[in-house]
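Here the structure is laid out as structure tokens; the discussion comes afterwards.
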Amino acid sequence: MSLNPTIAAVTERIVERSRPTRAPYLARLRAAADKGPTRAHLSCGGQAHAYAGLPQDQEALARGRAPNIGIVTAYNDMLSAHQPFERFPAIIRDAARAQGATAQVAGGVPAMCDGVTQGEPGMELSLFSRDVIAMAAGIALSHNCYDAALYLGVCDKIVPGLVMAAATFGHIPAIFLPAGPMPSGLPNDEKARVRQLFAAGEIGRAELMEAEMASYHSPGTCTFYGTANSNQMLMEFMGLHLPGASFVNPNTPLRDALTVAGTERALEITALGNDYRPAGEVLDEKAFVNGMVGLMATGGSTNLVLHMPAMARAAGIQLATEDFDEISQATPQLAKVYPNGLADVNHFHAAGGLGYLIGELLSAGLLHDDVKTVAGDGLHRYTEEPFVEGGRVTWKPGAGVSQNDKIVRPATDPFQATGGLKRLRGNLGDGIMKVSAVKPDYHVIEAPCRIFEDQASVKAAFKAGEFTSDTVVVVRFQGPKANGMPELHSLTPTLAVLLDRGIRVALVTDGRLSGASGKVPACIHVAPEAADGGPLAKLRDGDIVRVDAVEGTLTTPVDLETREARLPDLSANGFGIGRELFENFRRYAGPATAGASNVV
């Protein structure tokens, strides 16, 4: 099948747009590769420092004839998704030794749980933690003693930050090793129903707690298709995982065998061998286009529209909002996973998962097959399925047919003809909406607006019974420069109650939502942000706002040019729970359309 013309045109546009930055990036990559790691050229004292922590491997490291892997880990046991990584370094070191090589934990990076910080001051650090992770990984690799890197991370900002680091150290091959999702617990739709009952005051905290504990019940990634699992999809579509690795449960024989296989593959693709695959060459324009196609075909997290431009910029590639929009219009939605459907990621994986979808999208001409991946040349490798035989991983052809057409469908019979995201723009700014989780009846909302400057005020107005008619809820001064662009996911149950009561409501914000958010039509990431004098700062209570995901517009009939922008009171955002440390991040953050980054 020839390549879809829209995919081809968007790819070529990205290549042309990126030419001034990609070419110098590749030149720097090749110069760094020519120099190689410096461990063999360190002073004897420097080498002794570098090897003292691994007595068992000191002699092998000192000889310097075999590859040395640097492990960058986001392990902690605050995140259920990252707890399984506690075991990984030992598995990796043993696998490397078995091949006559070595592996060291180069460093750790912070990893916060957005589920814990939702609606709390700590959420204002969440987005910027991505840049901190990129810098922390950079520090880990700055010793320049490694021939390849293994990245251990799963969740929201962690994988994007690690990719930014992998691209910055693009001369080093990089493989991402996931931990896998926890087994299925309380169904996600039942969890959401209980949350809405609590928001409406119909049940107490004890019932809510029981439901939450039944949903988040063991080590592993949360089972809904939010940002964490969208990250795993992205790593597979972009060729940074081993094929089929994303959704294998933790602490199982296959999971451990995939970790061993990832270690062995990292040793094979260093500059010391005959199959050198530096991360910067894997992370090319086609890989990012493939990632965008995967995002649209699966109805993935809106957070990746924020993260992918930052990840790409680290590799000298320039993505724009219109790239996502055009790819979404050309890509059918082939999966329904909560919050876009009732299935969780375990059901999705059993129904055929990413291997099936990649095969369908390749057959439909919607993906670039001619890419370099950590597994080999060609994305078709990712249609294969891993199995354990004799304690080792072998890959076999996938089934090639859906095992449940309520969860995954062929490209010839999609759930909908276009992808899961829509760009909205107009005289109120430029934003996006995740339409895959929103009923078509709510794709267009036109109503008077209510202006709020924090999410607590929205909840207070709801509890006071102030929402009695159709309303566009505008929550402004939530962008990166204002307060770090926190997720406003805790508003979803409240606004969903209003929809259930027959009140047509939409959310418009320069903040963002969780990847788990659905049901409520929400135009998010609106840029320019209000704190920069963007149009949302000029709206007043009662102004008519039209949120139109059919035409792709975000408008008001008000002549905003005649109004002064309201100035925000940001005094409450500068202090407490570590916010003091992030003043410069807020001050110098880029626009959401470019990834809201400080470091790229």
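Out of (1) closer than 29 Å to Glu326 by Cα; (2) modelled with pLDDT of 95 or more; (3) in a loop (DSSP other than H, G, I, E, B), the odd one out for Val599 is which?
That leaves (2) as the condition not met.
Give just the number: which of (1) touching a residue at least 60 places away in the same chain (Cβ under 8 Å); (2) over 24 Å from Met78 (Cα atoms) does Ser142 not satisfy?
(1)
Since His307 meets every condition but one in (1) closer than 19 Å to Ser597 by Cβ; (2) open to solvent by 10 Å² or more (accessible area, probe 1.4 Å), which condition does it not meet?
Just one mismatch for His307, condition (2).
Could you tell me whether Glu529 is of a type in the set (D, E, K, R) and open to solvent by 30 Å² or more (accessible area, probe 1.4 Å)?
no
Checking Gly108 against (1) open to solvent by less than 20 Å² (accessible area, probe 1.4 Å); (2) touching a strand residue (DSSP E or B) at 6+ places or on another chain (Cβ under 6 Å), only one condition comes out false. Which one?
Exception for Gly108: condition (1).
Given Gly502, Gly518, Gly511, Gly479, which one is over 20 Å from Arg423 (Cα atoms) and either open to solvent by 10 Å² or more (accessible area, probe 1.4 Å) or of a type outside the set (S, T, N, Q) (or both)?
Answer to the check: Gly502.
Limited to the range 543-579, what total is found for residues that are of a type in the set (Ser, Thr, Tyr) and outside any helix (DSSP H, G or I)?
Residues flagged as of a type in the set (Ser, Thr, Tyr) and outside any helix (DSSP H, G or I) within the range 543-579 amount to 3.
Quick check on this structure: which one of Ala50, Ala23, Ala33 is closer than 29 Å to Gly291 by Cβ, touching a His at 6+ places or on another chain (Cβ under 7 Å) and either surrounded by 17 or more Cβ atoms within 10 Å (Cβ to Cβ) or in contact (Cβ under 8 Å) with a residue 60 or more places away in the chain (or both)?
Criteria check complete, one pass: Ala33.
State which residue pairs qualify: first residue among the β-branched types (Val, Ile, Thr) and inside the range 178-195, second residue in a helix (DSSP H, G or I) in any location, beta carbons under 7 Å apart, and separation of 6 or more residues or different chains.
Final answer for the pair search is Val194/Glu207; Val194/Leu208; Val194/Ala211.
Among the residues of the range 81-105, which ones are buried (at least 21 other Cβ atoms within 10 Å of the Cβ) and farther than 20 Å from Leu141 by Cα?
Ala81, His82, Pro84, Ala95
Going by the structure shown, is Ala245 of a type outside the set (Asp, Glu), buried (at least 19 other Cβ atoms within 10 Å of the Cβ) and assigned to a loop (DSSP other than H, G, I, E, B)?
Against the criterion (of a type outside the set (Asp, Glu), buried (at least 19 other Cβ atoms within 10 Å of the Cβ) and assigned to a loop (DSSP other than H, G, I, E, B)), Ala245 qualifies.
Within the range 388-426, restricting attention to residues that are surrounded by 18 or more Cβ atoms within 10 Å (Cβ to Cβ) and of a type in the set (A, V, I, L, M), which residue is farthest from Ala522 (Cα to Cα)?
Looking at the filtered set, the residue picked out is Val393.
Working only within the range 517-558, note down all residues that are of a type outside the set (Gly, Ala, Ser), at pLDDT below 95 and either touching a Pro at 6+ places or on another chain (Cβ under 6 Å) or farther than 19 Å from Val444 by Cβ (or both).
Asp532
Each row is one residue, and each column tells you yes or no for (1) within 30 Å of Arg392 (Cβ to Cβ); (2) within 15 Å of the chain's Cα centre (by Cα).
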site	(1), (2)
Gly204	no, no
Pro219	yes, no
Met238	yes, yes
His241	yes, yes
Gly244	yes, no
Asn290	yes, yes
Met296	no, yes
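Residues checked against (1) modelled with pLDDT of 95 or more; (2) within 17 Å of the chain's Cα centre (by Cα); (3) among the hydrophobic types (A, V, I, L, M, F, W, C):
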{"residue": "Arg87", "(1), (2), (3)": "yes, no, no"}
{"residue": "Asp94", "(1), (2), (3)": "yes, no, no"}
{"residue": "Gln99", "(1), (2), (3)": "yes, no, no"}
{"residue": "Gly107", "(1), (2), (3)": "yes, no, no"}
{"residue": "Cys113", "(1), (2), (3)": "no, yes, yes"}
{"residue": "Pro121", "(1), (2), (3)": "no, no, no"}
{"residue": "Leu125", "(1), (2), (3)": "no, yes, yes"}
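Kindly indicate whether any position in the range 371-384 is part of a loop (DSSP other than H, G, I, E, B) and either open to solvent by 20 Å² or more (accessible area, probe 1.4 Å) or in contact with a Cys (Cβ under 9 Å, 6 or more places away or on another chain) (or both).
Taking every residue of the range 371-384 in turn, none turns out to be part of a loop (DSSP other than H, G, I, E, B) and either open to solvent by 20 Å² or more (accessible area, probe 1.4 Å) or in contact with a Cys (Cβ under 9 Å, 6 or more places away or on another chain) (or both).
Exactly one condition in (1) open to solvent by 20 Å² or more (accessible area, probe 1.4 Å); (2) in contact (Cβ under 8 Å) with a residue 60 or more places away in the chain; (3) within 20 Å of Tyr216 (Cβ to Cβ) is not met by Val154; state its number.
Condition not satisfied by Val154: (1).
Looking at Leu272, Leu254, which is the one that is farther than 28 Å from Gly420 by Cβ, surrounded by fewer than 20 Cβ atoms within 10 Å (Cβ to Cβ), of a type in the set (A, V, I, L, M) and modelled with pLDDT under 95?
Within the list Leu272, Leu254, the selection yields Leu272.
Test Ala464 against the stated conditions and say whether it is aliphatic (A, V, I, L, M), more than 28 Å from the chain's Cα centre (by Cα) and under 22 Å from Ala537 (Cα atoms).
No: the conditions fail for Ala464.
Residues of the range 201-237 being among the acidic types (Asp, Glu), under 27 Å from Pro178 (Cα atoms) and open to solvent by 30 Å² or more (accessible area, probe 1.4 Å), which ones?
Correct list: Glu212 only.
Could you say which residue among Leu421, Leu428, Leu488 is more than 30 Å from Ile577 (Cα to Cα), at pLDDT below 95, under 27 Å from the mean Cα position of the chain (by Cα) and not hydroxyl-bearing (Ser, Thr, Tyr)?
Just one listed residue meets the conditions, Leu421.
On the basis of being in a loop (DSSP other than H, G, I, E, B), open to solvent by 60 Å² or more (accessible area, probe 1.4 Å) and closer than 26 Å to Asp369 by Cβ, does Met78 make the cut?
Spelling it out, it is not the case that Met78 is in a loop (DSSP other than H, G, I, E, B), open to solvent by 60 Å² or more (accessible area, probe 1.4 Å) and closer than 26 Å to Asp369 by Cβ.
The values are calculated or read from the model by the stated rules, or taken from the named source; none is laboratory data. All values derive from a computational prediction rather than experimental measurement. No Cβ is skipped: glycine too gets one built from the backbone with ideal geometry, and neighbour counts run over all protein chains shown. Only protein heavy atoms, including side chains, enter the accessible area calculation; ligands, DNA and RNA are left aside. Shrake-Rupley method; radii C 1.70, N 1.55, O 1.52, S 1.80 Å.
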